[in-house]
1. Return a yes/no flag: does the stretch B:65-72 have any residue that is in the same structural domain as residue B:116 (by TED's automatic domain parsing), within 21 Å of residue B:114 (Cα to Cα), at pLDDT below 75 and surrounded by fewer than 19 Cβ atoms within 10 Å (Cβ to Cβ).
2. Identify, from the list B:152, B:131, the residue that is within 14 Å of chain A (Cβ to nearest Cβ) and more than 9 Å from DNA strand D (Cβ to nearest atom).
3. Hey, does the stretch B:136-145 have a residue that's surrounded by 18 or more Cβ atoms within 10 Å (Cβ to Cβ) and not in a strand (DSSP E or B)?
4. So residue A:172 fits all but one of (1) within 14 Å of another protein chain (Cβ to nearest Cβ); (2) modelled with pLDDT of 85 or more; (3) over 25 Å from residue A:218 (Cβ atoms); (4) touching a strand residue (DSSP E or B) at 6+ places or on another chain (Cβ under 6 Å); what number is the exception?
5. Output the number of residues of the stretch B:182-222 satisfying the condition of being in a loop (DSSP other than H, G, I, E, B) and more than 10 Å from DNA strand D (Cβ to nearest atom).
6. State the number of residues belonging to the stretch A:192-214 that are more than 8 Å from DNA strand C (Cβ to nearest atom), in contact with a Phe, Trp or Tyr (Cβ under 7 Å, 6 or more places away or on another chain) and of a type in the set (Val, Ile, Thr).
7. Confirm whether residue B:42 is of a type outside the set (Asp, Glu), in contact with a strand residue (DSSP E or B) (Cβ under 6 Å, 6 or more places away or on another chain) and facing chain A (nearest Cβ under 9 Å).
8. Check the stretch A:175-191 and report whether any residue there is within 8 Å of DNA strand C (Cβ to nearest atom) and over 24 Å from residue B:129 (Cβ atoms).
Number of protein chains: 2
Amino acid sequence: MNILVVDDEKEIADLVELYLKNENYNVFKFYNSKEAIKCIENEKIDMAILDVMIDGKDGFEICKIIRSKDFTYPVIMLTAKIDDKDKIAGLTIGADDYITKPFNPLELIARVKSALRRYTKYNNKEDKNIIEINGLQIDKQKHKCILYDKEIELTPIEFDILLYLANKKGIVVSSEELFEKVWKEKYFDSNNTVMVHIRRIREKLHENTKNPKFIKTVWGVGYKIE
Amino acid sequence: MNILVVDDEKEIADLVELYLKNENYNVFKFYNSKEAIKCIENEKIDMAILDVMIDGKDGFEICKIIRSKDFTYPVIMLTAKIDDKDKIAGLTIGADDYITKPFNPLELIARVKSALRRYTKYNNKEDKNIIEINGLQIDKQKHKCILYDKEIELTPIEFDILLYLANKKGIVVSSEELFEKVWKEKYFDSNNTVMVHIRRIREKLHENTKNPKFIKTVWGVGYKIE
DNA sequence: CCACAGATTTAAGAAAAATTTAAGATTTAC
DNA sequence: GTAAATCTTAAATTTTTCTTAAATCTGTGG
């Protein structure tokens, strides 16, 4: 992991470098913005730690440059101020976190790790938008359903039913509840439309009729997915 | 842990999101109440942080909606005012805590953690949804019965009978009471349907016929579980 | 130890719940 | 405005569960 560190206060920059190297990160350290900007263009950077440099505002500038070049890695700003407004300003130009000086070394490391964790996790998968159950992936955002790497085409209602069940993984849901949540209407008796949809979903998921793997029937109660 | 954040001030919402993500919470963030309300219905939320939005009162409304849908997760309100009356109003509609802006990030996180700790402790797993008796677990929500880590498949009536007995652990229940509670009908004489069900439950629980471990017969009175 | 009331077992038919099917209605997309 | 896709309805079918009733077993008091 390569971390860019920029601070015109030599002591601070050196200290940050020390802590990071201690954790086995590779550090590109600069005391001015000019060289740092070159580095941004030429090296593969995974994260930046920038001083806001109260007077010169170099830190903010560097952050803007990073984002303007479409790099998405995390940027942490260092500042002497403890003003919330400053934080807001920094964050709106694309910084991910803020650390006020003087900082606790452990806090620095914790935030660095946390930011990297988030970054790599986010860059790994479309994470939170996908629910995974046993090889069945439901992507809420893309409104897609993937079974063992093959997309299953579901109609809107089918998708909603499956999603509702998946969100309640393991919990039994009655036809009535399912109907009222998906249709947002009152349920009336002898309405087996939910059942027909369940049937079609099972068909599309290639469920074994006698022993479904995903949508299970709980007699006298409802359905559950697990 | 999924946390819903709603604030029409983008900077504040973004800031809250940042701090929460830093602590590895999953955040659903909205700048308006309309989408947020949809989210409440469709996602599994563990906590909400809402701006009171002094003028529009959207925050209060969202809180009311959450409670009206019987969600019990904690709700924290954000407000610029430091007016005690507002606090009282908020708390009476079901908010759990109050944070005044500008807030200290550490305070925010501390309150979030504290509220979640309280909530999850109260809602703790074996909570009121699982009854345990001697290695026999009855999970009402999942409608499951587990004996020594193996699931036992019970029919609806069997499940209800076992659950009724388990809820009255140690207390003797007559066939008549059992029938009327489970079937919700009047009991008539020479009705041995309850007994047949008891038999099948015992069979499924692998009860020793001569000396049942769970459902015990109290001669001339009824059954009890202990 | 016998009588007998209460409890259990059994199996088969009845009932209830879930599934399947297909046709017609509705919605959506072009 | 039409065709295709999707949804709803209703009836037939299948599956599972429940009830009944008769035969059998068991604990209790005389």
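The values are calculated or read from the model by the stated rules, or taken from the named source; none is laboratory data. Computed from a predicted model, the values in this text were never measured in an experiment. Cβ sites come from the backbone with ideal geometry, for glycine too, and all protein chains shown count toward neighbours.
1. The answer is no; no qualifying residue exists.
2. B:152
3. Yes, the stretch B:136-145 contains at least one residue that is surrounded by 18 or more Cβ atoms within 10 Å (Cβ to Cβ) and not in a strand (DSSP E or B).
4. Among (1) within 14 Å of another protein chain (Cβ to nearest Cβ); (2) modelled with pLDDT of 85 or more; (3) over 25 Å from residue A:218 (Cβ atoms); (4) touching a strand residue (DSSP E or B) at 6+ places or on another chain (Cβ under 6 Å), residue A:172 violates only (3).
5. Final tally of qualifying residues: 12.
6. 1
7. no
8. No; the residues of the stretch A:175-191 include none that is within 8 Å of DNA strand C (Cβ to nearest atom) and over 24 Å from residue B:129 (Cβ atoms).
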